[in-house]
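**Student:** Once you've had a glance at the structure underneath, I'll fire off some questions.
The values are calculated or read from the model by the stated rules, or taken from the named source; none is laboratory data. What you see is a predicted model, and the numbers here were worked out from it, not measured in a lab. For neighbour counting, all protein chains shown are included, and Cβ atoms are generated from backbone atoms with ideal geometry for every residue, glycine included. The accessibility values were calculated without ligands, DNA or RNA, using every heavy atom of the protein model including side chains. Shrake-Rupley method; radii C 1.70, N 1.55, O 1.52, S 1.80 Å.
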Amino acid sequence: MPETPEVPQPQLRTLDARSLRGLAHPLRMRMLAALRHEGPATASQLAERLGESSGSTSYHLRQLAAYGFVEDAPEHGKGRERWWKASHDGTRFDESLLYDDDPSTRGAADLFLHEIATIHAQEVNAWLGSAQAWSVEWRRGSDLSDFTLHLTAEETLELIHKMHDLVNSYRDLPPAEGRQPVRVHTHTFPREDDRTRRTA
């Protein structure tokens, strides 16, 4: 029987209370996302890309470095400017942070999740605003779908893991003509319905 190929796993940073408080800032989150999606950059390049001052991006890069989210990228530096790169492929959020004893940690968790939702909405809106400039093939390759299922909490978690494994199986494809960076969002959450209200 042939062996099932191992699904490549991204290098993820699991947030704890300290690192969450260091990351839960809208500009820091956008800067880290830019480094992960677009590769190493300087503070000046990030400032131009994000519409911020280079002093602000430089400060927040140092803060991200202090919490282990970014590091030097000396292989890119040819002048005096300091280049930075993301230290991990992604971030894993621990749901227990929403129930932490420290109110500042709970507040940081709430800010972090709401900023993720805001970024996702901005990315979808940006795609919709520019879709006509893409080929028919790429427009067919886009998707805005939603589904309502009736599952237990355990079945929902199983579904999430299966979706993540499927997405990760496409992560290490070799370079090929026509390949573009593709963003995949997943939102999975329980929804109250009439049956829930009647039994509550």
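**Student:** Take Leu173 and Arg92, extend 7 Å from each Cα along the Cα→Cβ direction, and tell me the distance between the two endpoints in nm.
**Tutor:** In this crude label model, Leu173 to Arg92 measures out at 2.5 nm.
**Student:** Amide H neighbours of Asp94 under 5 Å, counting only residues 5+ apart in sequence or on other chains, H built in-plane at 1.01 Å?
**Tutor:** The list, which skips near neighbours in sequence, is Leu15.
**Student:** How far is it, in nm, from the label point at Ser19 to the one at Leu144 when both lie 7 Å from their Cα along the line to the Cβ?
**Tutor:** 3.4 nm
**Student:** Once you put a point 7 Å from the Cα of Arg183 and another 7 Å from the Cα of Thr152, both along the Cβ direction, what distance in nm separates them?
**Tutor:** 3.6 nm
**Student:** Using amide H atoms built 1.01 Å from N in the peptide plane, name the residues 5+ places from Ala41, or on other chains, whose amide H lies under 5 Å from its own.
**Tutor:** Those lying under 5 Å, H to H, from Ala41 are Trp84.
**Student:** Using per-residue counts of other Cβ atoms within 10 Å, averaged over each peptide, order 121-128, 133-140 from highest down. Don't jump to the answer; show the numbers that get you there.
**Tutor:** Values: 121-128: 11.9, 133-140: 10.0.
Peptide ranking by packing, descending: 121-128, 133-140.
**Student:** May I ask you to rank Phe93, Phe69 by accessible area, largest first, using a 1.4 Å probe over the protein chains only? Display every interim value, and only then the final one.
**Tutor:** Numbers: Phe93 40, Phe69 0 Å².
The most accessible residue leads, giving Phe93, Phe69.
**Student:** Skipping prolines and chain starts, which residues have an amide H placed within reach, meaning under 5 Å, of the one on Val70, given they are 5 or more residues away or on another chain?
**Tutor:** For Val70, the qualifying residues are Ala65, Ser87.
**Student:** Among His88, His76, His161, which one moves the most in a GNM of the chain with springs linking Cα atoms closer than 10 Å?
**Tutor:** Maximum among the listed residues: His161.
**Student:** On a C-alpha basis, how far is the centre of the range 130-157 from the centre of the range 12-54 in Å? Whole number, if you could?
**Tutor:** The distance from the Cα centre of the range 130-157 to that of the range 12-54 comes to 26 Å.
**Student:** Out of all DSSP beta bridges with both ends in the chain, state the antiparallel percent to the nearest 5.
**Tutor:** Working: 5 of 8 bridges.
Antiparallel bridges: around 60 percent, rounded to the nearest 5.
**Student:** Determine, from the Cβ-Cβ distance of Leu12 and Arg49 and an R0 of 22 Å, the FRET efficiency 1/(1 + (r/R0)^6), rounded to the nearest 0.05.
**Tutor:** Numbers: r = 24 Å, r/R0 = 1.10.
Rounded to the nearest 0.05, the efficiency is 0.35.
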